[in-house]
1. Taking the Cβ-Cβ separation of B:Lys71 and B:Ser12 as r and a Förster radius of 25 Å, what is the calculated FRET efficiency to the nearest 0.05?
2. Take every DSSP beta bridge with both residues inside the range A:3-113 and express the antiparallel ones as a percent of the total, to the nearest 5.
3. Given a Förster radius of 30 Å and the C-beta distance between A:Val83 and B:Met29 as r, what FRET efficiency does 1/(1 + (r/R0)^6) yield to the nearest 0.05?
4. Which lysines have a Cα less than 17 Å from the Cα of A:Lys51, not counting those fewer than 8 places away in the same chain?
5. Considering Cα pairs under 8 angstrom that are at least six residues apart, work out the relative contact order of chain A and quote it in whole percent.
6. Which of the peptides A:78-87, A:27-36 is most tightly packed, and how do the rest follow, judged by the mean count of other Cβ atoms within 10 Å per residue?
7. Give me B:Leu21, A:Leu43 ranked fewest to most by other Cβ atoms within 10 Å of their Cβ, as a rough exposure proxy.
8. Rounded, prolate or oblate: pick one for the range B:33-108, where a ≥ b ≥ c are the square roots of the eigenvalues of its C-alpha gyration tensor, a/c under 1.5 means rounded, and failing that, prolate if a/b is larger than b/c, else oblate.
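FYI, it's all coordinate maths here, none of it is from the lab. All of these numbers come straight from a predicted model, not from anything done at the bench. Cβ coordinates were reconstructed from backbone atoms using ideal geometry, including for glycine residues, and neighbour counts include every protein chain displayed.
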Amino acid sequence: NAGVMQNPRHLVRRRGQEARLRCSPMKGHSHVYWYRQLPEEGLKFMVYLQKENIIDESGMPKERFSAEFPKEGPSILRIQQVVRGDSAAYFCASSQGAGEKLFFGSGTQLSVL
Amino acid sequence: DQQVKQNSPSLSVQEGRISILNCDYTNSMFDYFLWYKKYPAEGPTFLISISSIKDKNEDGRFTVFLNKSAKHLSLHIVPSQPGDSAVYFCAAPRFSGTYKYIFGTGTRLKVLA
């Protein structure tokens, strides 16, 4: 499967724990984007990364959230000390170049108890 | 600042009839628009796009119309099928130093058999 792969599909955390969401882009894609969808809302941009660089993190909350896309391995979205309001579907997308069509993964549904 | 707006959260259409989904935008710098379709528990998938140099793009049952003067685009599905029932998002890439896609809030289409 050469599509965008996200794991886990479902993640349950208790308040105060850490959540790590992983995303492997499509083969040949070096641009990765993370979006969040809250219940009954649209897709909100969080962060845009290229290999080893954060290009745009204007949509990321200032605290507790971080993202990386290392030279080797998947992109990671990390949420520290999760709160109930972090419960959402987190989608990763990749593109071949800047401004080109996005291909999305199936998402990670984060539930914070 | 919602630069891409979908004012109808839901739409119900009889099978075989036309579905028309609308999207308005405020940023006149947008020059490329996309529609994505999303089924529950899946990631959005690309459906159709249009460049601002065109006013219409057709792909099978799907046609997107762009009215630049009104800053409005619409997606027509004809004939509608039950399998078209999904949430539809319009999106545009915004360049402000870097590219990021801005998504509307989505319209939930239900095609009744």
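1. 0.40
2. So the antiparallel bridges amount to about 90 percent of the total.
3. Given R0 = 30 Å and the Cβ-Cβ separation, E is 0.25.
4. Excluding near neighbours in sequence, the set is A:Lys27, A:Lys71, B:Lys100.
5. 37 percent
6. The most tightly packed comes first, giving A:27-36, A:78-87.
7. In increasing order of surrounding Cβ atoms, one gets B:Leu21, A:Leu43.
8. oblate
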